[in-house]
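Colleague: I'd like to ask some things about the structure below.
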Amino acid sequence: MRFDAAGRGRLVAPGEDVPGLGRFGEGFVWLHVNLNDARVPGLVAEGRLGPPDLAAVAFASDPHQRVAVEDGQVGGVIADLSRDADAPAAPERLPDATGRLHFVLGANYLVSGRRHPILGPDAVRDAVAEGRSLAGPVALLETLIGRVAAAIGARGTALSERLDGIEDHILDERIRDETRQLGPIRRDAVRLHRQLHGLRAVFHRLEEDGEDLPEATREAAARIAQRLDALDRDMVVLADRSRLLQEELSGLLARQSNRQLHTLSVLTALFLPPTLVTGLFGMNTKGLPLAELEEGSTIAILIAALSAAAAFLLIRRLGIGGRRV
């Protein structure tokens, strides 16, 4: 995209010459490349994507988030939200922040690249195409990060709302499939926190160690770092909250299991003496008690009932028949 002095951008038409970096008059240029393209190493070596050494570091295949400064120019790798190439760039369709945005930032250019489809560049390109103006490459990079942060924030809000519903069910002791739901929520929150932690570190380092950078770049790094700090705190809260809910849910399920086992144990104790009585009178042996009496069966039933009542009174006396929570 080519941007004029007023910050209005337009896509470079097919066949149109792309201006060389650092030679674009009063405007600036944004190049976004597919780093899987076999021509990229040659462009890096020729210096067409920024200073060769800096571009080589920024566009390397290493996905570790990092930043480097050379002669007032910045290169690095930062987290972005990955997306399905065939799906619209909507936050709810984005699973995590495992994507990577590679970039080299100069006085009047920004070169960015990616190896897999990510959210930031497409979102900013659409915004510029709709008429949004950007003051310069620093504002462009800040907008890219802002779009990513907004998408992560939306993702965090969705996770928080799901946790609210799960928490209501736990408090009401209406357990359904909350155990299955909490695992993915905690996983997503932890993954987002990991990516945000690395992203924060990049811009904090740029803010603290960028003495040779223009003041506007350091100020933008400070603003980005401050926003990412707040967003990361939210992700930490989500991860902790989901962990606590998992622990509370495990405790609730354990209490329910204990109540069920207690009830089963009491019933087993109550039916044990009648079972012994019926087993005794069911033996096919001579001299069986009450075998010659007309009311023998009735008496045997009464004995079984009395034995169950005696077991019940014994349980109550021992204090193990009360309600368990």
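Colleague: On a 0 to 90° scale, report how tilted helix 215-281 is relative to the longest principal axis of the chain, with both axes built from alpha carbons and the result rounded to the nearest 10.
Modeller: Its long axis makes an angle of about 10 degrees.
Colleague: Still on this model: For region 39-49, just list the computed ³J(HN,Hα) in residue order, Karplus coefficients 6.51, -1.76 and 1.60, θ = phi - 60°, integers in Hz, with x standing in for Gly and Pro.
Modeller: 7, 4, x, x, 5, 5, 5, 7, x, 7, 10
Colleague: For a distance above 21 Å, tell me the whole-number percent of Cα pairs in region 253-318 that qualify. It would help to have the intermediate numbers written out before the result.
Modeller: Values: 858 of 2145 pairs.
For region 253-318, the share of Cα pairs beyond 21 Å comes to 40 percent.
Colleague: Sort 244-250, 192-198 by the packing proxy (mean of other Cβ within 10 Å over each peptide's residues), most packed first. Working shown, then result.
Modeller: Numbers: 244-250: 14.7, 192-198: 20.7.
Peptide ranking by packing, descending: 192-198, 244-250.
Colleague: While we're on this one: Using a ≥ b ≥ c from the Cα gyration tensor of region 1-78 (square roots of the eigenvalues), is it rounded, prolate or oblate, where a/c under 1.5 gives rounded and otherwise the larger of a/b and b/c decides, a/b for prolate? Can you show the working numbers first?
Modeller: On the way: a/c = 1.91, a/b = 1.47, b/c = 1.29.
The shape class here is prolate.
Colleague: Then there's this: Tell me the mean residue ellipticity at 222 nm calculated for the chain from its helices only (DSSP H runs of n ≥ 4, each -39500 (n - 2.57), averaged over every residue, nearest 500).
Modeller: -19500 deg cm²/dmol
Colleague: Find how much the distance from Arg115 to Ala158 grows on full extension, using 0.36 nm per residue of separation minus their present alpha carbon separation; answer in nm with one decimal. Let's see the in-between values first.
Modeller: Details: separation 43, 0.36 × 43 = 15.48 nm, distance 2.75 nm.
Here the segment from Arg115 to Ala158 would lengthen by 12.7 nm.
Colleague: Is the shape of region 165-226 best called rounded, prolate or oblate, per the rule: a/c under 1.5 gives rounded, else a/b larger than b/c gives prolate, else oblate, with a ≥ b ≥ c the square roots of the Cα gyration tensor eigenvalues?
Modeller: Numbers: a/c = 7.06, a/b = 3.85, b/c = 1.83.
Note, shape of region 165-226 comes out prolate.
Colleague: Right, something else. What does the highest-first list of 38-48, 170-180 look like by mean Cβ count within 10 Å?
Modeller: Working: 38-48: 14.2, 170-180: 11.3.
Ranked from most to least packed, the peptides come out as 38-48, 170-180.
Colleague: Computed from these coordinates, which is Cα extents along the principal axes in Å: (1) 49, 42, 35; (2) 91, 44, 40; (3) 119, 36, 35?
Modeller: Label of the calculated value: (3).
Colleague: Quick one: compute the contact order of the chain, relative version, from alpha carbon pairs under 8 angstrom and 6+ residues apart, as a percent.
Modeller: Values: 424 pairs, mean separation 46.0, N = 325.
Across the chain, relative contact order equals 14 percent.
Colleague: Additional query: Using θ = phi - 60° and the Karplus curve 6.51 cos²θ - 1.76 cosθ + 1.60, what whole-Hz ³J(HN,Hα) does each residue of region 285-292 get, with Gly and Pro shown as x?
Modeller: 10, 6, x, 5, x, 6, 5, 9
Colleague: In which sequence would Met283, Met235 go, from the one with the fewest C-beta neighbours within 10 Å to the one with the most?
Modeller: Met283, Met235
Colleague: How much net charge surrounds Asp168 when only other residues with a Cβ under 15 Å from its Cβ are counted (Lys, Arg +1; Asp, Glu -1)?
Modeller: Numbers: positive: Arg162, Arg174, Arg176, Arg241; negative: Glu161, Asp164, Glu167, Asp172, Glu173, Asp177, Glu178, Glu248.
It works out to a net charge of -4.
Colleague: Additional query: List, in order, the whole-Hz ³J(HN,Hα) value for each residue of region 145-156 obtained from phi through the Karplus relation with A = 6.51, B = -1.76, C = 1.60 and θ = phi - 60°; use x for Gly and Pro.
Modeller: Working through the residues one at a time gives 5, x, 5, 5, 4, 5, 5, 5, x, 5, 4, x Hz.
Colleague: Another question, then. Please list 5-12, 221-228 highest first by mean number of surrounding beta-carbon atoms within 10 Å per residue.
Modeller: 221-228, 5-12
Colleague: Once amide H atoms are built 1.01 Å from N in the peptide plane, which residues 5 or more positions from Arg8, or in another chain, come under 5 Å H to H?
Modeller: Hits under the 5 Å cutoff: Leu134.
Taken together, the values in this text are just the output of simple stated rules run on the coordinates, not laboratory data. Computed from a predicted structure; not experimentally measured. Here the Cβ is made from the backbone with ideal geometry for all residues, glycine too, and neighbour counts use every protein chain on show.
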